[in-house]
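The values are calculated or read from the model by the stated rules, or taken from the named source; none is laboratory data. If you're wondering where the values come from, they're calculated on a predicted model, not measured in any experiment. As a convention, Cβ positions derive from the backbone with ideal geometry for all residues, glycine included, and neighbour counts pool all protein chains shown. Accessible surface is based on the protein model in full, side chains and every heavy atom, while ligands, DNA and RNA are left aside. Shrake-Rupley method; radii C 1.70, N 1.55, O 1.52, S 1.80 Å.
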Amino acid sequence: MAKPKTIYACTSCGAQHPKWLGRCNECGKWGSLEEEVAAPKGSLDAIPGEARDLLGFGGAARVEAEKVRTLGEIEPGNVERFSSGISELDRVLGGGFVPGSVVLLGGEPGVGKSTLALQLAAQIDADSMRSGAGERSVLYISGEESPEQVRLRAERLEDDGRGVAILAETRVESFANAWKELSPKLVIVDSVQTLQTSRVESSPGSVSQVRESASLLAATAKLHDTTLVLVGHVTKDGTLAGPRVLEHLVDVVLGFEGDRNHAFRLLRAAKNRFGSTQEVGVFSMGERGLEVVENPSELFLAEHRDGAPGSCVIPLLEGSRPMLVEIQALVAAATYGTPRRTSIGIDDGRVALMLAVLDRRTPVDLVSRDVYVNVAGGVRVGEPAADLGLALALASSALDIALPAGAAACGEVGLGGEVRRVSRLDLRVRELARLGYSTLLVPPGTKAQLEKGAAGKTRLVEIDNIANAVAWLREG
Ligand code: TYD
Ligand code: MG
């Protein structure tokens with residue numbers, strides 16, 4: 001047998017290097033390289049057959065040489081799907097799970113991945129009980145928590161998932177019996193970071209262990225038409241061994257985001273072989289687990305009050321879904337020499353830019369004052385379409401003039417103070433009209449483009465630059 005080859009893998013991006021380096025030259029991260037024993041050569045190609053043997057399924061290979069056909073000869077066909085029982089999850093998946101597909105669910109620790117996974121398990125279980133398809137349609141493999149802990153969590157949830165088969169195990173080779181016996185519709189592995197296989201010698205949690213284990217499981221899922229959900233932790237500063245290196249071998253990559261101190265959670269698809277990546281799912285974490293939020297705007301604006309200076313409502317777009325959020329600004333006299341600038345839920349650079357534009361293009365004085373910006377509800381605003389609303393919130397606080405009741409603003413602001421167009425204004429306008437907003441400031445020349453009736457009772461006011469926005473605010 002050849003001597004096992006040593007390689008150095010980056011725990012952040014998964015890049016492999018023949019020599020140790022202080023800094024990964026793929027992703028530029030320092031001190032992220034770890035020594036590993038290289039996976040046996042050609043292992044990735046050989047997986048379907050080997051996975052079958054390893055996982056104890058044996059038997060003749062189902063993989064046979066496909067005849068080469070032209071695209072024209074192939075029927076498009078419909079993708080078969082089954083519902084996850086959670087409407088917002090179905091939306092992100094593109095209408096439900098595809099049998100035999102592999103879904104990676106990533107997110108920071110504590111965001112609620114295990115909760116979502118367990119609720120999903122309970123839903124699928126309840127569903128197959130109802131349809132009489134038999135019990136044990138879900139196998140939940142927990143590598144992090146004991147069955148007792150999982151049971152404790154299930155107690156808190158609406159559907160307690162009594163029929164969900166649970167296995168506390170981390171060695172991939174040991175999943176075989178349960179998988180074979182139950183032949184479940186859905187297998188959930190929480191989490192990929194705990195997986196290990198005897199096929200590679202490196203320590204559990206290392207990049208090659210995670211990659212090798214996950215590819216074995218993925219091949220098994222494909223072979224048996226089982227849907228596989230892999231849960232993976234992602235850290236704030238990027239990615240820990242796992243999710244990133246798995247992205248290419250799964251069909252769907254879902255990211256679960258949210259601020260732990262707030263109830264609001266967003267589920268996004270970063271990759272989806274069976275659907276769009278434009279859809280987002282919205283959840284709220286409560287006492288009894290995650291609840292779907294059909295109307296996020298109503299959730300975010302529940303505490304919004306008209307008539308308070310320093311607040312502006314903006315229509316954001318998450319994928320193709322409009323959401324109204326409130327930006328709050330507080331401008332106060334600076335107590336020390338250098339004024340403080342703090343922002344939560346929005347990029348500091350964006351705030352600094354808006355402050356500079358306001359300073360140069362309008363009479364609002366902000367230079368020597370402390371500025372605090374916050375996006376209500378724990379939402380993160382990344383869209384430039386929020387600029388106009390942000391500028392108005394800042395000006396409103398500095399001037400101590402509240403925006404008129406029922407007003408909102410939407411537009412990107414350039415360095416010259418000009419208001420620029422945003423994408424999908426129609427969707428945003430419709431959402432504002434639906435929720436009864438009376439006025440919306442929009443970029444110039446957009447009114448004529450909107451479909452007739454899109455704005456309903458909402459009055460659209462075209463604003464061409466930031467100085468006019470401030471003038472509009474002053475006139476009330
Ligand atoms: P968890 O699913 O364990 O997160 P992850 O698997 O992503 O690390 O959930 C984490 C948090 O959710 C935890 O701090 C407690 C909270 N939580 C609730 O608020 N309500 C609930 O019903 C449950 C089950 C959890
Ligand atoms: Mg967890």
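Quick test for you: out of K222, K185, pick the one residue that is within 18 Å of S83 (Cβ to Cβ), assigned by TED's automatic domain parsing to the domain that holds G281 and either away from ligand 2 (no atom under 16 Å from the Cβ) or touching a strand residue (DSSP E or B) at 6+ places or on another chain (Cβ under 7 Å) (or both). Exactly one of K222, K185 is within 18 Å of S83 (Cβ to Cβ), assigned by TED's automatic domain parsing to the domain that holds G281 and either away from ligand 2 (no atom under 16 Å from the Cβ) or touching a strand residue (DSSP E or B) at 6+ places or on another chain (Cβ under 7 Å) (or both), namely K185.
Comparison of E294, E298, E326 shows that the only residue that is in contact (Cβ under 8 Å) with a residue 24 or more places away in the chain and assigned to a loop (DSSP other than H, G, I, E, B) is E294. For the stretch 403-429, a residue qualifies if it is open to solvent by 50 Å² or more (accessible area, probe 1.4 Å) and either modelled with pLDDT under 95 or in a loop (DSSP other than H, G, I, E, B) (or both), and the qualifying residues are A405, L415, R421, S423, R424. For the stretch 187-216, which residues satisfy the criterion of being out of contact with any Pro (no Cβ under 9 Å at 6 or more places or on another chain) and part of a loop (DSSP other than H, G, I, E, B)? Correct list: S191, T197, S198, S202, S203, P204, G205, S206.
For Y372, indicate whether it is among the aromatic types (F, W, Y), surrounded by 17 or more Cβ atoms within 10 Å (Cβ to Cβ) and at negative phi. In short, yes. In contact with a Leu (Cβ under 7 Å, 6 or more places away or on another chain), open to solvent by less than 40 Å² (accessible area, probe 1.4 Å) and either away from ligand 1 (no atom under 15 Å from the Cβ) or outside the structural domain of A218 (by TED's automatic domain parsing) (or both) - does that describe any residue in the stretch 188-199? Scanning the stretch 188-199, I find at least one residue that is in contact with a Leu (Cβ under 7 Å, 6 or more places away or on another chain), open to solvent by less than 40 Å² (accessible area, probe 1.4 Å) and either away from ligand 1 (no atom under 15 Å from the Cβ) or outside the structural domain of A218 (by TED's automatic domain parsing) (or both), so the answer is yes. Of the residues making up the stretch 430-438, not a single one is more than 27 Å from the chain's Cα centre (by Cα) and open to solvent by less than 10 Å² (accessible area, probe 1.4 Å).
Looking at L167, L223, just one residue is touching a residue at least 60 places away in the same chain (Cβ under 8 Å), hydrophobic (A, V, I, L, M, F, W, C) and open to solvent by 20 Å² or more (accessible area, probe 1.4 Å), and that residue is L223.
Please indicate, with yes or no, whether at least one residue in the stretch 348-358 is in contact with a Gly (Cβ under 8 Å, 6 or more places away or on another chain) and over 29 Å from A433 (Cα atoms).
yes
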